[in-house]
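J.: Can you read through this structure? Questions will come right after.
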Amino acid sequence: MTPIPRTVAALATGAYRVATALDQDSTYDYRHLVLVDEEGEPVGLVGPDGPGPAVVLPAHTPVTDVLYSEEILDSLLDGAVGLVLVDADGRPAGVVPVEAIRTELAAEMAAPHRMGDSDLTGRRTAFPPLVRLRCGVCRQTNRFGRFRHTKTYRCQYGAHDFVATYGSSAGRS
């Protein structure tokens, strides 16, 4: 019998709040603040060290898929403060802090006999574009497979350079 994989929802913290990007500057008593757009989709994540992109995953994603995803790990190494978990409707359902992913990686590395492909067919799980950021020029939410602050991107909605923003002020990063 094939064991049911543990999902990232098991790593989620309850210490988060959801807010529109417009009220991001308000004070909050939570460790993480998920910023959402007018449609309620995540566009950013504010953690203890400041804002970052929303690395978005379905809440039912197996933990092993996260641990073996180069895109997710690159995003976390490049400054994302965690993962935003979404339900079937694309609404925030939880936050997995980067510390929880580090702990899982350490446990996986300590047990090398468990390492390998998470897909029974031997293929790595393919994820849709995971990183969501709002453009400070046109205010549209862009989606990236990977996002690096040091790289220049073209906005997906206009003929201009993409400028990452996390709040209501255009051009703010």
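J.: Taking only segment 147-169 into account, find how many residues are at pLDDT below 90 and open to solvent by 70 Å² or more (accessible area, probe 1.4 Å).
T.: Adding up the residues that qualify gives 4.
J.: Report, by residue number, each residue of segment 128-146 that is at pLDDT 85 or above and in a loop (DSSP other than H, G, I, E, B).
T.: First pass over segment 128-146, keeping only residues at pLDDT 85 or above: 131-144.
Residues satisfying the conditions are Gly136, Val137, Cys138, Arg139, Gln140.
J.: Same structure, new question: If I filter segment 21-31 for residues that are within 12 Å of the chain's Cα centre (by Cα), modelled with pLDDT under 85 and surrounded by fewer than 17 Cβ atoms within 10 Å (Cβ to Cβ), do I get at least one hit?
T.: Step one: of segment 21-31, the residues within 12 Å of the chain's Cα centre (by Cα) are none.
No; the residues of segment 21-31 include none that is within 12 Å of the chain's Cα centre (by Cα), modelled with pLDDT under 85 and surrounded by fewer than 17 Cβ atoms within 10 Å (Cβ to Cβ).
The values are calculated or read from the model by the stated rules, or taken from the named source; none is laboratory data. These numbers come from a predicted model, not from an experiment. Glycine gets a Cβ as well: all are built from the backbone with ideal geometry, and neighbour counts include every protein chain shown. Keep in mind that these areas ignore ligands, DNA and RNA; they rest on the heavy atoms of the full protein, side chains included. Shrake-Rupley method; radii C 1.70, N 1.55, O 1.52, S 1.80 Å.
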